[in-house]
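The values are calculated or read from the model by the stated rules, or taken from the named source; none is laboratory data. Not measured: the values here are computed from a predicted model. Cβ: placed from backbone, ideal geometry, glycine included. Neighbour counts: every protein chain shown. All accessible areas refer to the heavy atoms of the entire protein, side chains included, with ligands and DNA or RNA removed. Shrake-Rupley method; radii C 1.70, N 1.55, O 1.52, S 1.80 Å.
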Amino acid sequence: MTKDELKDLLMNRKNSSLILSDEEIQKAYDFCEGYMKFMSTAKTEREVNVFAINEAKKKGFKQFNFGDKVNVGDKIYFDNRGKAVILAVIGSDSLENGVNLTAAHIDSPRLDLKENPLYEQDELGFFKTHYYGGIKKYQWTTVPLSLHGVIIKKDGEKVIVNIGEDENDPVFVVTDLLPHLAQNQMKRPASEIIRGEELNILIGANCVKGEDLNNRVKANILQILNKKYGIIESDLLNAELEAVPCYKAKNVGFDCSMIGAYGHDDKVCAYPELCAILDIQNPKKTAVAILTDKEETGSDGNTGLNSSYLKYFLEDLAATFGANPRLMFSNSKCLSADVNSAFDPTFPDVFEKANSSFLNYGVVVTKFTGARGKSGTSDANAEFVAEIHHLFDNENVIWQNGELGRVDLGGGGTVALYMANLNIDTIDVGVPVLSMHAPFEIVSKLDTYMAYKAFYVFQK
Ligand code: MN
Ligand code: MN
């Protein structure tokens, strides 16, 4: 064999900034401008749901309810309680030949307010929180936070809360101990440097003046809340309020090649997935994009993918065409669109390099996830893995393989198994992320654009 022939035998992964033309790189950067705007405005599942539906309506998507009649060429969306949404473009092919699904989640780790959150301690006002998803709790102190969500009043009115994002808004924060007095705190294990019940958000310090009153700071805050939102303390029991970092998405690096933001997991897959289905025109196979909630807490609950909402949607779609739903499920294919852990040179020990994903090396195709002997994974079949790899190769989608870290060091799951359990061929395809689940996560612009390309060529 010649030297060149021998070279061909070896696998050769390459940095996409080496392979892509300047034109393509510019395209990726332009795409990411839209992504960064989106990331600065839609931070929670409810806000992404609204964003997605608004964009879909602009492109001619119509609301679909169970039982509605649907025709070939229709563009529809199904709104699941304002917290998850399914978008579909009905193809010309019979549904019995299957649909092409993409599935990303739109919830991200954060601090949720407790049901009865408001209290005063030593003349400071606080909100009690219960963290949502897997976080390193110490990372969430001294980060400026905004509050997002809804409060349902007694008369049924829904108050939308979004405070801390506007330049003129106040922000909120979890305090931490000064190093001078942290001698004992620093001896705690890292998982307890800040404990769950210490994630208390500072929300006020001024007192109500006038007659004798206990809890003057709390009373002052309630007075402000009443003026601003028309609520009383007991209304907070009927609310979902989420504290998230208040800053906007930022360019990272002298070369501006990366994006730092809160909630890339999994909006860096959700946004490309949304853009892809909005760009799909007259597909042969029906294209379905799922933006789901509750992945970060295990996908349970009626807005998570472990519930039946996707199954009902697809079965209902099959029924309107008189198609056999079992055939539809069996012939369907899904890209489970979730992020992966990018190799971090500062912490090389937790990665096995040959099976890790790298920033700028394209979308990560992950055959299996899970932990300890692949527990909790759907493990895609080699035949389907090959189909996706070949599709990406033929369509010039730059991709890499990658597992979430070394064997037995941890691991994690995605929503892949919920589609696979419906007898749908499913594989994970997503964007590599640095500092995943931190208040400020990092992705590469080229990888983000490649995710769009991957989802688009899969569904077009
Ligand atoms: Mn995720
Ligand atoms: Mn996650």
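Assorted remarks:
- Close pairs from the stretch 89-111: first over 18 Å from Leu291 (Cα atoms) and open to solvent by less than 10 Å² (accessible area, probe 1.4 Å), partner part of a strand (DSSP E or B) and more than 16 Å from ligand 2 (Cβ to nearest atom), Cβ under 6 Å, at least 6 apart: Leu111/Thr129; Leu111/Ala243
- For the stretch 442-457, filtered to residues that are in a strand (DSSP E or B) and out of contact with any Gly (no Cβ under 7 Å at 6 or more places or on another chain), the residue that is farthest from ligand 2 (Cβ to nearest atom) is Ser444.
- In the stretch 302-318, of all residues being surrounded by 15 or more Cβ atoms within 10 Å (Cβ to Cβ) and among the small types (Gly, Ala, Ser), the one that is nearest to Gln459 (Cα to Cα) corresponds to Ala318.
- Of the criteria (1) within 23 Å of Pro283 (Cβ to Cβ); (2) within 16 Å of ligand 2 (Cβ to nearest atom), which one Asp112 fails: (1)
- Answer from Val429, Val433 - the residue that is buried (at least 24 other Cβ atoms within 10 Å of the Cβ) and closer than 27 Å to Thr142 by Cβ: Val433
- Residue list for the stretch 319-343, filter: charged (D, E, K, R) and surrounded by fewer than 17 Cβ atoms within 10 Å (Cβ to Cβ): Arg326
- All helices (runs of 4 or more DSSP H) inside the stretch 8-58 with 2 or more residues being in contact (Cβ under 8 Å) with a residue 40 or more places away in the chain and touching a strand residue (DSSP E or B) at 6+ places or on another chain (Cβ under 8 Å): 22-41, 45-58
- One residue stands out in the stretch 326-383 among those that are part of a strand (DSSP E or B) and away from ligand 2 (no atom under 16 Å from the Cβ): the one that is farthest from Asn423 (Cα to Cα), namely Val363.
- Thr303 vs. criteria among the hydroxyl-bearing types (Ser, Thr, Tyr) and within 15 Å of ligand 1 (Cβ to nearest atom): no
- Per this entry, Leu335 is counted among residues that are out of contact with any Leu (no Cβ under 6 Å at 6 or more places or on another chain) and under 30 Å from Glu24 (Cβ atoms).
- Qualifying residue in the stretch 129-149 (condition: of a type outside the set (Phe, Trp, Tyr), over 25 Å from the mean Cα position of the chain (by Cα), away from ligand 1 (no atom under 16 Å from the Cβ) and not in a helix (DSSP H, G or I)): no
- Remark: Ser341 matches the filter, which requires a residue to be within 16 Å of ligand 1 (Cβ to nearest atom), touching a residue at least 24 places away in the same chain (Cβ under 8 Å), more than 22 Å from Asn100 (Cβ to Cβ) and under 27 Å from the mean Cα position of the chain (by Cα).
- Tally of residues being more than 16 Å from ligand 2 (Cβ to nearest atom) and either in a loop (DSSP other than H, G, I, E, B) or at pLDDT below 95 (or both) across the stretch 409-435: 5
- Spans of strands (runs of 3 or more DSSP E) in the stretch 157-275 with at least 3 residues open to solvent by 20 Å² or more (accessible area, probe 1.4 Å), away from ligand 2 (no atom under 16 Å from the Cβ) and over 17 Å from Leu113 (Cβ atoms): 250-252
- Ala438 part of a loop (DSSP other than H, G, I, E, B), in contact (Cβ under 8 Å) with a residue 24 or more places away in the chain and within 27 Å of Lys43 (Cβ to Cβ): yes
- Taking the criterion of being touching a Lys or Arg at 6+ places or on another chain (Cβ under 7 Å) and among the small types (Gly, Ala, Ser), the residues of the stretch 298-326 that qualify are Gly301, Gly304.
- A single entry from Tyr77, Tyr35 fulfils the requirement of being in contact with a Leu (Cβ under 6 Å, 6 or more places away or on another chain), on the phi < 0 side of the Ramachandran plot and not aliphatic (A, V, I, L, M): Tyr77.
- When Tyr271, Tyr262 are checked against the criterion of being hydroxyl-bearing (Ser, Thr, Tyr) and closer than 23 Å to Ile163 by Cβ, Tyr262 stands alone in meeting it.
- Restricting Glu441, Glu387, Glu395, Glu383 to residues that are within 16 Å of ligand 1 (Cβ to nearest atom) and charged (D, E, K, R) narrows the list to Glu441.
- Across the stretch 350-389, the number of residues qualifying as under 22 Å from the mean Cα position of the chain (by Cα) and within 30 Å of Cys256 (Cβ to Cβ) comes to 11.
So that you can scan it fast, the table gives a plain yes or no per residue for (1) surrounded by 12 or more Cβ atoms within 10 Å (Cβ to Cβ); (2) of a type in the set (S, T, N, Q); (3) closer than 30 Å to Ala318 by Cα; (4) touching a Gly at 6+ places or on another chain (Cβ under 8 Å):
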| residue | (1), (2), (3), (4) |
| --- | --- |
| Asn15 | yes, yes, no, no |
| Ala28 | yes, no, no, no |
| Phe31 | yes, no, no, no |
| Val48 | yes, no, yes, no |
| Glu55 | yes, no, yes, no |
| Lys58 | no, no, yes, no |
| Asp68 | yes, no, yes, no |
| Tyr77 | yes, no, yes, no |
